[in-house]
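Reviewing the structure listed below.
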């Protein structure tokens, strides 16, 4: 969970089939296979879903990917239930390069790493920041995006995040279990933090004036500022660069990590990555301009 951009338009994700390929056999071989199946079917049915999926990926057939589906412009759910966004298109591009079939599904953010560890899917492509805590649970690929944080508040608000007292004296919204909320908790432990299960709920309370300001990844903030709900709001202060990188998560020790890294390098080299990046990350200058009237920078993260 960075950089100058134009307004994108959501493109519905093309649904993909995850059906296994049907193998053809000669009649004698098929007959023998059926006899063997009758003898040993009971043991075969006890194989775990994790093992089955690993076999499918190994043969280049199906790659199950989880995203959040609620973090535009990186990932979102369209009105017809399909998934779209930067993450989804990057995932599809990687699958095409790896010559596997993408099976992309939405997963609640709080359960997305536990679901990977439990074998519900094989990789997470969901604007996930690389952190030391997460690296203890999953293995990350090379980064595919760099991120900065921003503050938002009403355009006519005096809120100035360059002053610690403003952050500590106002209620600040953030999405729970994200780099934004973790940074705020660490940098400003005395702040009145309001944490939400989804980014959309945080934006909802901001627009309803139930909180005074919000801290968010830059691009979802710019996306929201371009909506009707965000039209009375603006970025406040300067971006917060915390050396935050997004990467794809897989289970520790999974050979899939190296395969994804190779395909990621391929789509960057052949221009596919740049095409996807350009589609999503160009926003109107009016949305991208922060309120920097004070000419003051965000303060350094205080030490405890």
So residue 230 fits all but one of (1) in contact with a strand residue (DSSP E or B) (Cβ under 7 Å, 6 or more places away or on another chain); (2) modelled with pLDDT of 95 or more; (3) buried (at least 18 other Cβ atoms within 10 Å of the Cβ); what number is the exception?
(1)
Within the range 97-156, how many residues are loosely packed, with under 14 Cβ neighbours inside 10 Å, in contact with a strand residue (DSSP E or B) (Cβ under 7 Å, 6 or more places away or on another chain) and not in a strand (DSSP E or B)?
1
Within the range 202-219, does at least one residue satisfy the condition of being closer than 26 Å to residue 139 by Cβ, in contact with a helix residue (DSSP H, G or I) (Cβ under 9 Å, 6 or more places away or on another chain) and crowded, with 19+ Cβ neighbours inside 10 Å?
yes
Taking the range 168-208 on its own, how many of its residues are within 18 Å of residue 218 (Cβ to Cβ), assigned to a helix (DSSP H, G or I) and in contact with a strand residue (DSSP E or B) (Cβ under 8 Å, 6 or more places away or on another chain)?
10
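The values are calculated or read from the model by the stated rules, or taken from the named source; none is laboratory data. All values derive from a computational prediction rather than experimental measurement. For neighbour counting, all protein chains shown are included, and Cβ atoms are generated from backbone atoms with ideal geometry for every residue, glycine included.
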